[in-house]
Amino acid sequence: MEPHIALLPSAGMGHLMPFLRLAAMLASRNCKVTLLTAQPTVSAAESKHLNSFFSAHPHIQRLDFQVVPLQSSNPHGDPFFLQFEAIIRSVHLLPPLLSSLSPPISALFLDIAAATCVDQLADHPSLSISYYILSTTSARFFSLITHLPHLTLESSCVNLKLHGLPSFSISNIPPPIFNPQNLFTTQMISNARAISRVKGVVSNTFHWFEAETIEPLNSGKTSITLPQFLPIGPFKHYEDPGKCSSLSWLDEQPAKSVVYVSFGSRTAMSKDQIKEIGEGLLKSKQKFLWVLKSVKVDKAEETELKELVGHSLLEKIEEKKQGIVVKEWVKQEEILTHHAIGGFFSHCGWNSTMEAAQRGVPMLAWTLNGDQRFNAEVVEKAGLGLWPKHWGWLGERLVKSEEIEEKIEELMQDHKLRSMAQKVGEEAKRAWEIGGTSEKVVGQLIEMLKLKVWNV
Ligand code: UDP
């Protein structure tokens, strides 16, 4: 009998994308899959992607999960973190939903951002299932999360050595973690406490890319007891119909001549910073495809492109025909696969990082928030990209056009970087060949999921 698996993503495209990829992968390996969709979604991109995903994958079942809105939601809080909180507080609604599924589910995959839900679910008498976590970040950042409940952070120390794991630089830890009252911090600590209750932690990474963290995580030598860490990346692209206008412009460009510029689905920059980026790209003389966002949540997006970039800069860009700027959702994976792309100027969100690694596209990392400095350390160590650390967190300082120009030139002209990035792409492919590390771990995971069905 095929195992019936339920998956519960939290909020934001950076969390939804890996869940959709995992859902498609499990379905392709003879699992029946139900995806729980927390409603209402925070962004328009999430509801649009969910609709197109379910029409392209009719064999995957959709189950809407109406989340109870927070009573006293903080209007200044991050809407994505507030939605994590709303999901966590609506956990009591899950047991009836999950036990209504037929055939009965044998496992539930929870998002690391809502892993604490396992505390209530695992003790519920109507549910006799296994629990897994999908970690949507690097193994490196995940290993920091595992230690959060026991960590005393002092900003005066420079490095942090956690038992059995590689050492971290304190300056790479996201600033909110130093504030125990911060919502992100309190959520992460509760989520971290729940990790030991699950059977396995699935992650979009691969052994070669993060061996120095993955091996200790699975060695049993860490100071806390952890479930099996299952690196099964890079996650594969799933069928997603529809066109993306930037691709026809790319078709006209020479091989490896274009730098793709995007800082993810929810990073809004100031107009001053946007101007510096635009000037820097022009000065670099490199071709570019630049995707701009002016607000954190796309539903609130109202500013015209002209107003955002500035009339004169936009005119200059159009006149020089050196690049294009768009203010829309693009098909990033298809862009990164295009032969015209020679580099990726990115915030180092973990999905973006893995998408570049998979294709051997060199990165210029500008780490802005959250886990991104930990992710950039992985990028730098593997030789996938450059990371000017002194550019700071988002808004910490104005990064000037000359600095951007210099790094873009380096990104596009450094042959050694290009060949090292290519090697990363080859290793990523190898992980998925027969007998490759990720392919083997997926096999193990499917066996673990089937075992539960046979035991019932
Ligand atoms: N993405 C995309 N088109 C866009 C913006 C983002 O396809 O215009 C995808 C990108 O490929 C990645 C995800 O959205 O899969 C963003 O996740 P990531 O972890 O890189 O960053 P976040 O948006 O969470 O900061």
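Estimated at 0.36 nm per residue, the fully extended path between R430 and L451 surpasses their Cα-Cα distance by 4.8 nm. For the chain, how big is the tail of P(r) above 38 Å, as a whole percent of Cα pairs? Tail of P(r) above 38 Å: 21 percent of Cα pairs. Legend: Rg and Dmax of segment 22-87, from Cα coordinates, 14.2, 44 Å. Stretched out straight at 0.36 nm per residue, the stretch from T225 to E396 would grow longer than its current Cα-Cα span by 57.8 nm. The label-point distance for F65 and E2, in a model that sets each label 7 Å from Cα toward Cβ, rounds to 2.2 nm. The GluC sites (Glu not before Pro) of segment 407-456 that meet both conditions, a loop assignment by DSSP and at most 13 other Cβ atoms within 10 Å of the site Cβ, are E433. Residue by residue, segment 159-175 carries 3J(HN,Hα) couplings of 10, 10, 10, 9, 3, x, 10, x, 7, 10, 8, 4, 5, 8, 6, x, x Hz when phi is fed to the Karplus relation 6.51 cos²θ - 1.76 cosθ + 1.60 (θ = phi - 60°); x denotes Gly or Pro. For the chain, the antiparallel share of DSSP beta bridges with both residues in that region comes to about 5%.
Pairs exceeding 31 Å between alpha-carbon atoms, taken from K306/K381; K299/K407; K283/K416; K256/K306; K285/K331; K161/K256: K306/K381; K299/K407; K161/K256. Note on segment 231-304: with neighbouring protein chains present and a 1.4 Å probe, carbon and sulfur make up 50 percent of its accessible heavy-atom surface. Normalising the Debye intensity of segment 183-267 to I(0), with uniform scatterers on Cα atoms only, and taking log10 at q = 0.25 Å⁻¹ returns -1.28. Of all DSSP beta bridges confined to segment 1-145, the antiparallel ones make up roughly 0%. Note on K243/E304: beta-carbon distance plugged into 1/(1 + (r/R0)^6) with R0 of 25 Å gives a FRET efficiency of 0.65. The apolar share of the surface of segment 357-456, taken as the fraction of accessible area on carbon and sulfur atoms (1.4 Å probe, ligands and nucleic acids excluded), comes to 52 percent.
With R₀ fixed at 35 Å, the C-beta to C-beta distance from S99 to Q444 puts the FRET efficiency at about 0.80. Solvent exposure of the chain amounts to 41 Å² per residue of accessible area, where only protein heavy atoms count and the probe is 1.4 Å. Within segment 163-251, the GluC sites (Glu not before Pro) that combine a DSSP coil assignment with at most 11 other C-beta atoms in a 10 angstrom radius are E239. Database remark: amide H of L70 closer than 5 angstrom to no amide H (H placed geometrically; neighbours at sequence offset of 5 or more, or on other chains; Pro and chain starts carry no H).
Extending 7 Å from the Cα toward the beta-carbon at both L183 and S28 defines two label points whose distance is 3.6 nm. At what distance in nm do the modelled label points of A56 and C157 sit from each other, each positioned 7 Å from its Cα along Cα→Cβ? Calculated label separation equals 4.6 nm. Note: relative contact order over the chain, using C-alpha pairs below 8 Å and six or more positions apart, is 16 percent.
Local charge for E46 was computed over the other residues whose Cβ lies under 12 Å away, with Lys and Arg +1 and Asp and Glu -1, and equals +2.
Full extension of the chain between K321 and L127 gives 63.9 nm of extra length, using 0.36 nm per residue less the Cα-Cα distance. Beyond 31 Å in Cα-Cα separation lie the following of the pairs K287/K429; K48/K271; K199/K423; K389/K440; K236/K450: K199/K423; K389/K440.
The values are calculated or read from the model by the stated rules, or taken from the named source; none is laboratory data. Treat the numbers as computed from the prediction; the structure is a model and nothing was measured. All Cβ positions, glycine included, derive from the backbone under ideal geometry; neighbour counts span all protein chains shown. Side chains included, ligands, DNA and RNA excluded: accessible areas come from the protein's heavy atoms. Shrake-Rupley method; radii C 1.70, N 1.55, O 1.52, S 1.80 Å.
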